[in-house]
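Notes to accompany the following structure.
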Amino acid sequence: MLRYHDCHVRDWAFKVVDLVLRRVQSNCDRHKLSPPWEDPFIIDQVLRLGTFKLKDNDGQVLTNGWNIEQLRRVYS
């Protein structure tokens with residue numbers, strides 16, 4: 001059973017300068033058809049395994065770190 005599980009689990013990894021989408025944190029003024037992901041951000045720094053600092057398109061670094069479960073890769 002463990003071998004079956006290990007075959008189907010994908011390894012997540014982001015590098016610096018990857019584009020990612022961030023999960024929306026606030027449900028204020030949202031409805032069920034609102035997109036669950038926010039604008040693309042750039043990975044600025046890897047804090048530790050699975051935790052990242054993000055930078056927006058203007059170059060401002062966000063203050064808090066984000067877990068890998070709250071991020072999704074942008075494919076261009």
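The values are calculated or read from the model by the stated rules, or taken from the named source; none is laboratory data. Predicted model, so just to flag it, every value in this text is computed and none were measured. All Cβ positions, even for glycine, are placed from backbone atoms using ideal geometry, and neighbour counts span all protein chains on display. To get the accessible areas, we keep the full protein, side chains included, count just its heavy atoms, and leave off ligands, DNA and RNA. Shrake-Rupley method; radii C 1.70, N 1.55, O 1.52, S 1.80 Å.
Note on segment 33-76: enclosed strands (runs of 3 or more DSSP E) holding 2 or more residues that are among the acidic types (Asp, Glu) are 37-48.
Of all residues in segment 23-39, those that are under 12 Å from the mean Cα position of the chain (by Cα) and either hydrophobic (A, V, I, L, M, F, W, C) or at pLDDT 95 or above (or both) total 2. Across segment 1-53, the qualifying residues are those that are free of Cβ contacts under 8 Å to residues at least 24 places away in the same chain, among the aliphatic types (A, V, I, L, M) and open to solvent by 100 Å² or more (accessible area, probe 1.4 Å), and the one among them that is farthest from SER76 (Cα to Cα) is MET1.
Within segment 54-65, the residues that satisfy the criterion of being surrounded by 14 or more Cβ atoms within 10 Å (Cβ to Cβ) and closer than 14 Å to ASP18 by Cα are LEU54, LYS55, ASP56.
Could you tell me whether TRP12 is in contact with a helix residue (DSSP H, G or I) (Cβ under 9 Å, 6 or more places away or on another chain) and either outside any loop (DSSP other than H, G, I, E, B) or not acidic (Asp, Glu) (or both)? Walk me through how you get there before you give the answer.
Details: in contact with a helix residue (DSSP H, G or I) (Cβ under 9 Å, 6 or more places away or on another chain): yes; either outside any loop (DSSP other than H, G, I, E, B) or not acidic (Asp, Glu) (or both): yes.
Yes: the conditions hold for TRP12.
If you go through segment 66-76 and pick out every residue that is aromatic (Phe, Trp, Tyr) and open to solvent by 100 Å² or more (accessible area, probe 1.4 Å), you end up with 1. Which residues, taken from segment 1-22, are more than 17 Å from GLY50 (Cβ to Cβ) and under 14 Å from the mean Cα position of the chain (by Cα)? Across segment 1-22, the qualifying residues are VAL17, LEU19.
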